[in-house]
1. List pairs: first in segment 173-192 and within 19 Å of Glu127 (Cβ to Cβ), second aromatic (Phe, Trp, Tyr) and assigned to a strand (DSSP E or B), Cβ under 7 Å, 6+ apart or cross-chain?
2. Which of the residues spanning segment 69-87 are modelled with pLDDT of 80 or more and either open to solvent by less than 100 Å² (accessible area, probe 1.4 Å) or touching a Cys at 6+ places or on another chain (Cβ under 8 Å) (or both)?
3. Checking the conditions here, which among Leu241, Leu261, Leu289 is under 22 Å from Tyr302 (Cβ atoms) and open to solvent by 20 Å² or more (accessible area, probe 1.4 Å)?
4. Could you list all residues from segment 183-193 that are within 14 Å of Thr152 (Cα to Cα) and away from the ligand (no atom under 13 Å from the Cβ)?
5. Checking Asp148 against (1) at pLDDT below 95; (2) within 12 Å of the ligand (Cβ to nearest atom), only one condition comes out false. Which one?
6. In segment 118-144, how many are without any contact (Cβ under 8 Å) to a residue 60 or more places away in the chain and open to solvent by 50 Å² or more (accessible area, probe 1.4 Å)?
7. Output the number of residues of segment 197-212 satisfying the condition of being open to solvent by 60 Å² or more (accessible area, probe 1.4 Å) and more than 16 Å from the ligand (Cβ to nearest atom).
8. Mind counting the residues in segment 23-38 that are open to solvent by less than 80 Å² (accessible area, probe 1.4 Å) and free of Cβ contacts under 8 Å to residues at least 24 places away in the same chain?
Amino acid sequence: MKEKIQALLQEVQNLTASNKDEVEQLRVKYLSKKGEISQLFLDFKNVAGEEKRVVGQMLNELKNLTQDKLNEMKSVYENQAATSNKIDLSRTESPIEFGTRHPLSIVKNEIIEIFSRLGFTVAEGPEIEDDWHVFGALNFPPEHPARDMQDTFFIEKNPDILLRTHTSSVQSHVMTTQKPPIRVLCPGRVYRNEAISYRAHCFFHQVEGLYIDKNVSFADLKQALLYFAKEMFGEETQIRLRPSYFPFTEPSAEMDISCDLCGGKGCNFCKHTGWVEILGCGMVDPAVLEACGIDSKVYSGYAFGMGVERIANLKFRCKDLRMFSENDLRFLKQFDSAL
Ligand code: PHE
């Protein structure tokens, strides 16, 4: 009897099962009424008197060990079943990928960041505008070609309502509602009736700037733009201002930066001139200040405006402007850590 118990103790210690059913089979084998251990308890009455205490202890030990072992194995499979049956509906099917900033947002934010160091704050306005804020206040004569249907999207029922063609319209709002000194940046989307191609779209993005105070001079404008160019494109960047024309600035200029691809020597990108155009600027025309209720004898100001796509193209060398609005993830993902 003792040997039998010893052998079973060994056996039970090494028991394994690979699922719940197997655990149950083992329970039947050892502990059910007809199981091996129960059988030993029945045989116990035949054990000689002086042996009863020792054998009894051994039997109880075997029974407890078996019970513990089976319980332990059972609980493993019960826990497994519990976790695999529970469906977590809050989980996504596949791991969530973090989005990345759009290249135009990256560039727009950098432009804002650079000018904010010069004290500029951001002003925003509506994309659907009236004629006065887009053209009238900004000294556009009634026959100006920008007012033409070819360039501007008008609302058919009311030609006074249109999609803004530049964010200078926000400057009209600021000038009529705020008193100088004014120092604002106007970022936003603008619309022009252009045929869509790799180099033009019917909408694009601008950041325009306006500074009005006493004694603001063209030198202030030039210095601010030089600072911007060096911050945006690198310390070695040079600028050049070419005379130009805008109805709302006088004098007006267009600004080029030295081509950073060839270092100014001339290449295909800069059409062998060594320079690439990046923005329009000028001193705010006194007629604009007056139209917006600002005394042009006391105050003067400068304004500038640039296309975000243009700056992004210079930074990222994107060959087709349409990529910026197609939302192709393969394109957008490249700018993850671009700046
Ligand atoms: N509004 C002009 C444009 O859209 C840019 C500009 C802004 C030029 C301010 C001069 C001064 O092209």
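1. Arg189/Phe203; Val190/Phe203; Val190/Phe204; Tyr191/Phe203
2. Within segment 69-87, Lys69, Leu70, Asn71, Met73, Lys74, Ser75, Val76 qualify.
3. Result: Leu241 is the single residue among Leu241, Leu261, Leu289 that is under 22 Å from Tyr302 (Cβ atoms) and open to solvent by 20 Å² or more (accessible area, probe 1.4 Å).
4. Result: Asn193, single match.
5. For Asp148, the failing item is (2).
6. So the answer is 5.
7. Going through segment 197-212 one residue at a time, the tally reaches 1.
8. Number of matching residues: 4.
The values are calculated or read from the model by the stated rules, or taken from the named source; none is laboratory data. Here the structure is a predicted model, which means the values were calculated and not measured. In this analysis, Cβ positions are derived from the backbone assuming ideal geometry, glycine residues included, and neighbour counts consider all displayed protein chains. Please note that ligands, DNA and RNA were not included when accessible areas were found on the heavy atoms of the full protein model with its side chains. Shrake-Rupley method; radii C 1.70, N 1.55, O 1.52, S 1.80 Å.
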